[in-house]
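Asks: Sharing a structure below in structure tokens format, with a few things to ask.
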Amino acid sequence: MELVNGRYQAGGVDLLNLIDQYESPLYVYDADTMQKQFDKLYNAFPGVKLHIHYACKALSNLSVLKLMKKFGTGLDAVSIQEVWLGLKAGFSPDEILYTPNGVSMEEIDMAVNEGVKINIDNISILEQFGAKYGQTVPVCIRVNPHIMAGGNHKISTGHIDSKFGISYYQLRHVARVVKLYDINVEGLHMHTGSDILDAEVFIRGAELLFEAAEDFKDLRYMDFGSGFKVAYKEADITTDINDIGSKIASRFIEFCKKYGRELELWFEPGKFLVSESGYFLAKTNVVKQTTSTMFASVDTGLNHLIRPMLYDAYHKITNISNPTGTERIYAVVGYICETDTFGWDRKLNEVREGDILAFHNAGAYGFSMASNYNSRFRPAEVLIYKGEAHLIRRREILEDLLNAQIEITL
């Protein structure tokens, strides 16, 4: 987002004009930013067969999925519904890795029937899978490396108390199950969490997978997940992708030589690709002065952007209607009927009723976690592609809330 002649633009498009056209609140995504992030990641791992699978739980709009397909990504799907969306967007089954957690064997069967790659993260399902499919359907195994990593305990997935993955210390058991049912294991996978800064976190996990590979002689790929940190505020510390890339690539090449053949190196970024591309625009309904606080109340809430309340996530906020106004301190809050705060003690250019506030880093886990809480409609989504704004989801109306309900006679 940049200020051009006193007006804020994203991807060359005036943001206030988008509000005039599509109303508030509004999610806006810049395709150019997604492309830059993809290129940055793709070029950071020299000398290896790199495959990037977009973790679509971050933002699963069909047009965004098609854009990722155009970039050349595969897809990381965590539910059968995301699998269906990926197929609808044009991904071939072999480009989709299905990585669920705690689902039934019935859902696993559905994914097998779609022909996508299967990633299994518990021994119970692995045994059922082996008994049913044997070596006829290849699988990937998700390993929990017992590495505590991530910016918040709620998004750390590789530690000892995590529900995700099969414990590294159970891999001998896994090897026995694989041998018993003659399971074709084609990949090993790990994901330690989000907002990871240190290359050594990935390296430690990689070393565990390299060691585990000794029991699996027919691997085609290793998937190191993702979790690369993006900037949420000015001068924020971020993951050094080039540093991580060079270190992991070098070590991976060494491993492949020892293993006896070249494997593919997979990553599954979500937030890294789309977070910084997104802006969430909201209109200020009320400016309210209390004895201690100046509140700016906007026409949205945790129903549309839950991350601040759920994860204590920080989103930079900009008053795009008054870029030269005197700075004052505000608490920016929503209209949901409970404590619903986007940010305390934020220094903003003077906020007036009717001003549009922009929440930065809204591309990931914004709309995808939105709800109809308080029976509010979910907002529209706009994608800026090649300098033009495209409506990719209309704003909901009352019929959308009622569509799946069945009214009975009382």
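Asks: For the stretch 206-238, what are the residues that are within 17 Å of Ala364 (Cα to Cα) and surrounded by 13 or more Cβ atoms within 10 Å (Cβ to Cβ)?
Replies: First pass over the stretch 206-238, keeping only residues within 17 Å of Ala364 (Cα to Cα): 225-233, 238.
Passing the criteria: Gly225, Ser226, Gly227, Phe228, Lys229, Val230, Ala231, Tyr232, Thr238.
Asks: Can you report the number of residues in the stretch 42-70 which are surrounded by fewer than 21 Cβ atoms within 10 Å (Cβ to Cβ) and in a helix (DSSP H, G or I)?
Replies: Looking only at the stretch 42-70, we keep the residues that are surrounded by fewer than 21 Cβ atoms within 10 Å (Cβ to Cβ), and these are 42-44, 46-51, 57, 61-63, 66, 69-70.
Of the ones still in play, those that are also in a helix (DSSP H, G or I) are 42, 57, 62-63, 66, 69-70.
Total satisfying the criteria: 7.
Asks: Within the stretch 6-21, is there a residue that is buried (at least 19 other Cβ atoms within 10 Å of the Cβ), under 24 Å from Asp94 (Cα atoms) and in contact (Cβ under 8 Å) with a residue 60 or more places away in the chain?
Replies: The answer is no; no qualifying residue exists.
Asks: If you take the residues in the stretch 187-199 that are buried (at least 16 other Cβ atoms within 10 Å of the Cβ) and over 19 Å from the mean Cα position of the chain (by Cα), which one is modelled with the lowest pLDDT? Steps first, answer last, please.
Replies: We begin by selecting, within the stretch 187-199, every residue buried (at least 16 other Cβ atoms within 10 Å of the Cβ); these are 187-197, 199.
If we keep only those that are over 19 Å from the mean Cα position of the chain (by Cα) as well, we get 187-188, 199.
Details: Gly187: 96, Leu188: 95, Ala199: 69.
Once the filter is applied, the top-ranked residue is Ala199.
Asks: If you take the residues in the stretch 310-338 that are of a type outside the set (D, E, K, R), in a loop (DSSP other than H, G, I, E, B) and in contact (Cβ under 8 Å) with a residue 60 or more places away in the chain, which one is most open to solvent (accessible area, probe 1.4 Å)?
Replies: Step one: list which residues in the stretch 310-338 are of a type outside the set (D, E, K, R), which gives 310-311, 313-315, 317-326, 329-337.
So of that shortlist, the ones also in a loop (DSSP other than H, G, I, E, B) come out as 313-315, 320-326, 334-337.
Those left that are additionally in contact (Cβ under 8 Å) with a residue 60 or more places away in the chain: 313-315, 320-321, 323-324.
Values: Ala313: 17, Tyr314: 81, His315: 2, Ile320: 2, Ser321: 36, Pro323: 31, Thr324: 128 Å².
In this case the residue turns out to be Thr324.
Asks: Continuing with this model, one more query. So which residues in the stretch 115-124 are farther than 20 Å from Val178 by Cβ and surrounded by 16 or more Cβ atoms within 10 Å (Cβ to Cβ), if there are any at all?
Replies: Val116
Asks: Another question, then. Does any residue of the stretch 72-83 turn out to be open to solvent by 30 Å² or more (accessible area, probe 1.4 Å), hydroxyl-bearing (Ser, Thr, Tyr) and at pLDDT 95 or above?
Replies: The answer is no, given that none of the residues of the stretch 72-83 is open to solvent by 30 Å² or more (accessible area, probe 1.4 Å), hydroxyl-bearing (Ser, Thr, Tyr) and at pLDDT 95 or above.
Asks: Right, something else. When the stretch 319-341 is examined, which residues are found to be among the hydrophobic types (A, V, I, L, M, F, W, C) and out of contact with any Phe, Trp or Tyr (no Cβ under 7 Å at 6 or more places or on another chain)?
Replies: Just the residues of the stretch 319-341 that are among the hydrophobic types (A, V, I, L, M, F, W, C), to begin with: 320, 329, 331-333, 336-337.
Across the stretch 319-341, the qualifying residues are Ile329, Cys337.
Asks: Please go through the stretch 125-176 and pick out each residue that is at pLDDT 85 or above and open to solvent by 50 Å² or more (accessible area, probe 1.4 Å).
Replies: Glu127, Gln128, Ala131, Lys132, Gln135, Thr136, Tyr169, Gln170, Arg172, His173, Arg176
Asks: When you check Glu254 against the structure, is it acidic (Asp, Glu), open to solvent by 20 Å² or more (accessible area, probe 1.4 Å), without any contact (Cβ under 8 Å) to a residue 60 or more places away in the chain and assigned to a loop (DSSP other than H, G, I, E, B), yes or no? Don't jump to the end; show me each part of the working.
Replies: Details: acidic (Asp, Glu): yes; open to solvent by 20 Å² or more (accessible area, probe 1.4 Å): yes; without any contact (Cβ under 8 Å) to a residue 60 or more places away in the chain: yes; assigned to a loop (DSSP other than H, G, I, E, B): no.
Against the criterion (acidic (Asp, Glu), open to solvent by 20 Å² or more (accessible area, probe 1.4 Å), without any contact (Cβ under 8 Å) to a residue 60 or more places away in the chain and assigned to a loop (DSSP other than H, G, I, E, B)), Glu254 does not qualify.
Asks: Just one of the numbered conditions (1) outside any loop (DSSP other than H, G, I, E, B); (2) in contact with a Lys or Arg (Cβ under 8 Å, 6 or more places away or on another chain) is not true of Asn303; which one?
Replies: With respect to (1) outside any loop (DSSP other than H, G, I, E, B); (2) in contact with a Lys or Arg (Cβ under 8 Å, 6 or more places away or on another chain), Asn303 is out only on (1).
Asks: Would you point out the residue of the stretch 10-50, among those that are under 10 Å from Ala389 (Cβ atoms) and among the aliphatic types (A, V, I, L, M), that is nearest to the chain's Cα centre (by Cα)?
Replies: Here the residue is Val28.
Asks: Now a separate question. Tally the residues that are over 19 Å from Leu26 (Cβ atoms), among the polar types (S, T, N, Q) and in contact with an Asp or Glu (Cβ under 6 Å, 6 or more places away or on another chain), restricting the search to the stretch 303-348.
Replies: 1
Asks: Open to solvent by less than 30 Å² (accessible area, probe 1.4 Å), of a type in the set (D, E, K, R) and closer than 19 Å to Lys233 by Cβ: is that true of Arg307 in this structure?
Replies: Details: open to solvent by less than 30 Å² (accessible area, probe 1.4 Å): yes; of a type in the set (D, E, K, R): yes; closer than 19 Å to Lys233 by Cβ: yes.
It is true that Arg307 is open to solvent by less than 30 Å² (accessible area, probe 1.4 Å), of a type in the set (D, E, K, R) and closer than 19 Å to Lys233 by Cβ.
Asks: Considering every residue within the stretch 280-289, establish whether at least one is more than 30 Å from Ile248 (Cα to Cα), free of Cβ contacts under 8 Å to residues at least 12 places away in the same chain and either open to solvent by 30 Å² or more (accessible area, probe 1.4 Å) or assigned to a helix (DSSP H, G or I) (or both). Outline the logic, then answer.
Replies: Of the residues in the stretch 280-289, the ones more than 30 Å from Ile248 (Cα to Cα) are 280-289.
Keeping just the survivors that are free of Cβ contacts under 8 Å to residues at least 12 places away in the same chain gives 288-289.
Now drop any that are not either open to solvent by 30 Å² or more (accessible area, probe 1.4 Å) or assigned to a helix (DSSP H, G or I) (or both), which leaves 288-289.
Yes, there is a match, as at least one residue in the stretch 280-289 is more than 30 Å from Ile248 (Cα to Cα), free of Cβ contacts under 8 Å to residues at least 12 places away in the same chain and either open to solvent by 30 Å² or more (accessible area, probe 1.4 Å) or assigned to a helix (DSSP H, G or I) (or both).
Asks: From Glu381, Glu350, grab the single residue that is open to solvent by 60 Å² or more (accessible area, probe 1.4 Å) and at negative phi.
Replies: Details: Glu381 fails: open to solvent by 60 Å² or more (accessible area, probe 1.4 Å).
Matching residue, one of Glu381, Glu350: Glu350.
Asks: Does Ser275 meet the test of being in a helix (DSSP H, G or I), polar (S, T, N, Q) and under 26 Å from Ile384 (Cα atoms)? Talk me through it step by step, then tell me what you get.
Replies: Numbers: in a helix (DSSP H, G or I): yes; polar (S, T, N, Q): yes; under 26 Å from Ile384 (Cα atoms): yes.
Yes; evaluated as a whole, the condition is true for this residue.
The values are calculated or read from the model by the stated rules, or taken from the named source; none is laboratory data. These numbers come from a predicted model, not from an experiment. Note: ideal-geometry Cβ built from the backbone for every residue, glycine included; neighbour counts use all protein chains shown. Just the protein is used for accessible areas: all its heavy atoms, side chains included, with ligands, DNA and RNA removed. Shrake-Rupley method; radii C 1.70, N 1.55, O 1.52, S 1.80 Å.
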